[in-house]
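Working notes for the structure below.
The values are calculated or read from the model by the stated rules, or taken from the named source; none is laboratory data. Source: prediction; values computed, not measured. Positions of Cβ are backbone-derived with ideal geometry, glycine not excepted, and every protein chain shown enters the neighbour counts.
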Amino acid sequence: MKTPDFKWFENDLEAHLYIQYPVLDLPCHFEPLLYHTAQYLNKQPERNYFSFYLFKNKQNKAVAHIHFTKTPDASFTSLSFVPFGGIQCTENCSAQELQFLLNSAESWISKQNEGSIFITAAPVCYPSGAKEALVCAYYAAGYKPVNTYVNHHINVAEAPFQQTIVSSERRRLLKCRNAGFQASICKEPDVQIVYNFIRDSRNKKNYFLSLTREQIALFLSDFPQQYLVFAVTDKRKIIALSLAVLVHTQVLYNFLPADLADYHEYSPMVLLSEAMYEYCQNEGISILDLGISLDHHGIEKPGLIRFKQNLGGQQSLKITYGKSK
């Protein structure tokens, strides 16, 4: 294992800092979320990572980690360029142990800049470890929520999808089936078709697609097992599509859904959601993450929230914590 750049000690705990690019694939006692893996981080435009790992009892596998990047305004963020960072840990980590990791990180970061520290945590529904201990540790270390969003997810069970949704959505699902629409995973998705469909759908709603064609191409080529395309077709015509992400063996994230306005009366997104739900059932995935519901101004969309609830979506919070010097 590489020698850390800095170490901190407290009783049987050790916190290690690795200043690195590329990120090393250090062993952990938990399954890192995709966005926290070395393979994923090393594909991002950032070229400097500050990775803090927590070890117990001199073991060679970490029980927690958190990655930071430095932003142009001299702040440190966990994480920039990816949907979320934050601490990920084992289930048996205590709040005191995680606070030690945060305090160790701050003791070094505070000497590097005059900016703030931000931690964009994963949605609470994610398997991030000792969840109550995590929240307690953030507060005990002096962090406060600066942004709090409502996230929706579906708990995947053995019951059919149609039993999780409200009656109005079941009628739309039946209408799609009666029209002969088909929903499936695309085994060899065409990058240009995927990009054009999502871009055009968003443009018609006056939304901006922040991802480039090249970024989507990289996702599909370098992470073919994690970035999956689901589509609904009317004969051979695509009428709804989503770029989904297998963020964890237990979480499928409905990342970039899009549909054609001309098919609004059918609501093919319900049929698309069923296809993703059934994929989760077949693969043993327990959470279908529907994400937060914001417009291009960052304002929550009540109609989209209501739709996700109609699909059986459960609420959890997605919080960004901050601390100013």
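Here are the numbers for the structure shown:
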{"read-out": "Filtered residue count, region 8-26, keeping only those that are farther than 20 Å from SER94 by Cα and of a type outside the set (A, V, I, L, M)", "value": "5"}
{"read-out": "Any hit, region 80-88, residues being among the β-branched types (Val, Ile, Thr) and under 20 Å from VAL245 (Cβ atoms)", "value": "yes"}
{"read-out": "Strands (runs of 3 or more DSSP E) contained in region 37-105 and holding at least 2 residues in contact (Cβ under 8 Å) with a residue 40 or more places away in the chain and under 16 Å from ASP25 (Cα atoms)", "value": "49-56, 64-70"}
{"read-out": "Per-region count, region 243-271, residues within 23 Å of VAL124 (Cβ to Cβ) and either outside the structural domain of ALA183 (by TED's automatic domain parsing) or small (Gly, Ala, Ser) (or both)", "value": "1"}
{"read-out": "Residues located in region 249-262, provided they are in a strand (DSSP E or B) and touching a helix residue (DSSP H, G or I) at 6+ places or on another chain (Cβ under 7 Å)", "value": "LEU252, ASN254, LEU256, PRO257, ALA258, ASP259"}
{"read-out": "Residue check for SER94: of a type outside the set (A, V, I, L, M) and either surrounded by 20 or more Cβ atoms within 10 Å (Cβ to Cβ) or over 20 Å from LEU134 (Cα atoms) (or both)", "value": "no"}
{"read-out": "Qualifying residue in region 240-255 (condition: modelled with pLDDT of 95 or more, surrounded by 12 or more Cβ atoms within 10 Å (Cβ to Cβ) and over 28 Å from PRO32 (Cα atoms))", "value": "yes"}
{"read-out": "Those residues of region 278-317 which are under 19 Å from the mean Cα position of the chain (by Cα), over 15 Å from VAL247 (Cα atoms) and surrounded by 22 or more Cβ atoms within 10 Å (Cβ to Cβ), in sequence order", "value": "LYS308, GLY313"}
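For every residue, the table says whether it meets (1) among the β-branched types (Val, Ile, Thr); (2) over 23 Å from the mean Cα position of the chain (by Cα); (3) at pLDDT 95 or above.
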{"site": "ASP25", "(1), (2), (3)": "no, no, no"}
{"site": "TYR35", "(1), (2), (3)": "no, no, yes"}
{"site": "ASN48", "(1), (2), (3)": "no, no, no"}
{"site": "HIS67", "(1), (2), (3)": "no, no, yes"}
{"site": "ASP73", "(1), (2), (3)": "no, yes, no"}
{"site": "VAL82", "(1), (2), (3)": "yes, no, no"}
{"site": "LEU98", "(1), (2), (3)": "no, no, yes"}
{"site": "ASN113", "(1), (2), (3)": "no, yes, no"}
{"site": "PHE118", "(1), (2), (3)": "no, no, yes"}
